[in-house]
Amino acid sequence: MNLRAPVLLAILGAAAFLIYLPGIGGPYLADDFPNLVNNPRLLLETISRESLQAAAFSSSASPFHRPLSMLSFALGFTAAGNMEPVSAKLINILLHLGAGALVYLLSVKLLQALHSAGGTRLPPREAGTVALLAAGFWLLHPLFVSTVLYTVQRMSILSALFMLAGCLFYLECRPRVTDYRGCLGLVAGGAVFTGLAFLCKENGALLPGLLLLVECTVFRFESATRPGARRLLVSALLIPTAFILLYLANYALRHWGEPAPAYYFTIAERFLTQPRVLLQYAGWLGLLSTEPMGLFHDDFPVSSSLTDPWTTLPALLFWIVAAGGAVVLAWRRHLAGVGVLWFLWGHALESTVLPLAAVFEHRNYLPAVGLILAMTGVLYEAVRQVRIPAAARLALLAGVLLLLPSYQTWERVRVWTDKSDFIAHSIAQQPDSALTLITAAGFLNGYGDPDGAVTALREARRADPRDGAAVFAEAAIRCERRPNTPFPPELNEQLAAAAMNGLRTATARVHFAQMAPLCALSAVNDDVLLPIYEQHRRSRNENLAVASLFGIGAVLLHRQEPAAAGAAWQEAVDRYPGGEAIRPWLKELRNRGDRPAGRME
């Protein structure tokens, strides 16, 4: 590597840093609150094995807790001495720059390896230029603002970092491996990087599939001449990849027509929707889509069949043809084929049949590397055919791949620097997103405009009448602002309906859990709330059960039944870890007899 490449890479990194820097003053949003803001275990009073372990496993974002990501938050907050978003977002930006450097190094290595194996016609001396353009395009792309500045998505960044490092390690070491011992070291290194990536976020499990793609495209197991070495390498890469495919196929067969937990679509509908989602992602990455980027995309229409909407079948056929063509091109060691397969495999977990939200921008953070490298390589080859001076060709490429995304990213970062600007922009861009309207309602209520908040929540119910989140949020606001005023009759009806059928989503459950303590001082609404609490006191969801038991205790206190209230609260403490939040109220109730219910802090 000559001196020019590191200098240019540093310039690109500095540009990205300066563009993103205003965003460190932006607010916490959405999943930041349960994972970070309301998680005091992340601010360590002492550094000990127990405190580090408690912090590392403090996230409920997944059954695996993503401990390395959570540990990074704990160490960052502790070093800063507070849990303000500034330090956390600054670390995210620095990690993004580190990932950009790895994208560059990996791109150079992959391009050189493909050329050495007889694939891409790109001269080795130009691999660095293409790699710089691809890394710069990736670093400066506006799609990743919602990964870098959405604090909790450090999980995606860290997982991608380890996966990129794992691929670079493989490309660096693989040419020197021929015997069993060398293959054993290579496999062990790949396993370490896979484990580290997985402990940040579960899509780290996709790393063996990416390594298999590299092996099949570049090396084809040819240099591992010893039979035992070849078998080891094939097994180590193929078995984890096949396991993921079999797991997904088994999940689809078992749950195909069932409703997806926490969402109002079936697994089949989600699968049919994803080809259109992937086209949306590709359009964003190519800066070709006119659809707005944003934090939430719950307004994306779900495909109920191959013909509804009509674009479902064409999108599915497009990706079938694209995948088939990519396999052929990758076998010929063409960069475009490798890039498309990288993109598709990178979405294998989050964009197929698993019961997740249909669309999230941060899912592209790692998959985009392949597609962006492919697009950059194809565009570079096309521009090379134009008979203009070399300097003019580079200026054209820099304008398209660096200046244009830089401006768009700068514009988007400006929106993310202030919560009011973010909310206003989001509503203007996505007026039919219920999650955006609910977020806006929380902002309006916090700034002393409860009437505006209620209006936003009613719009959210119009956008998604099935979800109870907006109903519970309105009840909470009315209890907080007007505790002595009964709910309007229509809200009473909506609460009953939402409690029966509208608690499927995580957002609805969160707002239900917030409603119970806020309504603890609103005795005039006890008759409406008590049946709802009773309905969910045995819920399998811990947050619902704890909130319901707290609400039952509050109602019983209003009715001058302190012993029964204490029993309800004791049940929450005994049955659920989250019930510990009620213990102070229970203790004071027993000390004072008939203490009025307060709020859970």
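Answer yes or no as to whether Trp256 is within 30 Å of Phe137 (Cα to Cα), aromatic (Phe, Trp, Tyr) and assigned by TED's automatic domain parsing to the domain that holds Leu122.
no
Those residues that are hydrophobic (A, V, I, L, M, F, W, C) and either without any contact (Cβ under 8 Å) to a residue 12 or more places away in the chain or surrounded by fewer than 21 Cβ atoms within 10 Å (Cβ to Cβ) (or both), I need them from the range 482-501; list them, please.
Result: Leu491, Ala496, Ala497, Met500.
Okay, residues lined up against (1) in contact (Cβ under 8 Å) with a residue 40 or more places away in the chain; (2) closer than 15 Å to Thr151 by Cα; (3) small (Gly, Ala, Ser):
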residue: Asp32; (1), (2), (3): yes, yes, no
residue: Asn38; (1), (2), (3): no, yes, no
residue: Leu43; (1), (2), (3): yes, no, no
residue: Arg49; (1), (2), (3): no, no, no
residue: Leu52; (1), (2), (3): no, no, no
residue: Ser59; (1), (2), (3): no, yes, yes
residue: Pro67; (1), (2), (3): yes, no, no
residue: Ser72; (1), (2), (3): yes, yes, yes
residue: Glu84; (1), (2), (3): no, yes, no
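Can you pull out the residues in the range 519-567 that are under 31 Å from the mean Cα position of the chain (by Cα) and in a helix (DSSP H, G or I)?
Hits for the range 519-567 are His536, Glu542, Asn543, Leu544, Ala545, Val546, Ala547, Ser548.
Checking the structure you have, find out if any residue of the range 151-160 is without any contact (Cβ under 8 Å) to a residue 60 or more places away in the chain and not basic (Lys, Arg).
no
Go through (1) surrounded by 18 or more Cβ atoms within 10 Å (Cβ to Cβ); (2) free of Cβ contacts under 8 Å to residues at least 40 places away in the same chain for Arg125 and report which single condition fails.
(1)
If Asp418 passes every condition in (1) in contact with a helix residue (DSSP H, G or I) (Cβ under 6 Å, 6 or more places away or on another chain); (2) over 30 Å from Glu258 (Cα atoms); (3) touching a residue at least 24 places away in the same chain (Cβ under 8 Å); (4) not assigned by TED's automatic domain parsing to the domain that holds Ser107 but one, which one does it miss?
Only one criterion in (1) in contact with a helix residue (DSSP H, G or I) (Cβ under 6 Å, 6 or more places away or on another chain); (2) over 30 Å from Glu258 (Cα atoms); (3) touching a residue at least 24 places away in the same chain (Cβ under 8 Å); (4) not assigned by TED's automatic domain parsing to the domain that holds Ser107 is unmet by Asp418, namely (1).
How many of the residues making up the range 86-113 are out of contact with any helix residue (DSSP H, G or I) (no Cβ under 6 Å at 6 or more places or on another chain) and more than 21 Å from Phe162 (Cβ to Cβ)?
Number of matching residues: 0.
Which pairs have Cβ atoms under 7 Å, sit 6 or more apart or on different chains, and link a residue in the range 354-371 that is in a helix (DSSP H, G or I) to one that is at pLDDT below 95 and among the aliphatic types (A, V, I, L, M)?
From residues that are in a helix (DSSP H, G or I), the pairs are Glu361/Met293.
Restricting to the range 271-292, what's the tally of residues that are without any contact (Cβ under 8 Å) to a residue 24 or more places away in the chain and of a type outside the set (Gly, Ala, Ser)?
3
Select, from Ala323, Ala391, Ala374, Ala382, the only residue that is assigned by TED's automatic domain parsing to the domain that holds Tyr263, under 17 Å from Ala131 (Cα atoms) and without any contact (Cβ under 8 Å) to a residue 24 or more places away in the chain.
That would be Ala382, the only listed residue that is assigned by TED's automatic domain parsing to the domain that holds Tyr263, under 17 Å from Ala131 (Cα atoms) and without any contact (Cβ under 8 Å) to a residue 24 or more places away in the chain.
Inspect all residues belonging to the range 63-71 and state whether any of them is hydroxyl-bearing (Ser, Thr, Tyr) and within 23 Å of Tyr365 (Cα to Cα).
Looking for residues that are hydroxyl-bearing (Ser, Thr, Tyr) and within 23 Å of Tyr365 (Cα to Cα), one finds at least one in the range 63-71, hence yes.
Every residue, every condition in (1) on the phi < 0 side of the Ramachandran plot; (2) assigned to a helix (DSSP H, G or I); (3) modelled with pLDDT of 95 or more, yes or no:
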| residue | (1), (2), (3) |
| --- | --- |
| Leu29 | yes, no, no |
| Glu50 | yes, yes, no |
| Ser62 | yes, no, no |
| Met70 | yes, yes, yes |
| Phe77 | yes, yes, yes |
| Leu95 | yes, yes, yes |
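Under 9 Å between Cβ atoms, which residue pairs at least 6 apart in sequence (or on different chains) link something in the range 328-352 that is assigned by TED's automatic domain parsing to the domain that holds Phe198 and modelled with pLDDT of 95 or more with a partner that is hydroxyl-bearing (Ser, Thr, Tyr) and surrounded by fewer than 20 Cβ atoms within 10 Å (Cβ to Cβ)?
Thr352/Tyr251
Does the range 458-481 hold any residues that are in a loop (DSSP other than H, G, I, E, B), surrounded by fewer than 24 Cβ atoms within 10 Å (Cβ to Cβ) and touching a residue at least 24 places away in the same chain (Cβ under 8 Å), and which are they?
Hits for the range 458-481 are Asp464, Arg466.
The values are calculated or read from the model by the stated rules, or taken from the named source; none is laboratory data. Nothing here was measured: the structure is a model prediction, and the numbers come from that model. Glycine gets a Cβ as well: all are built from the backbone with ideal geometry, and neighbour counts include every protein chain shown.
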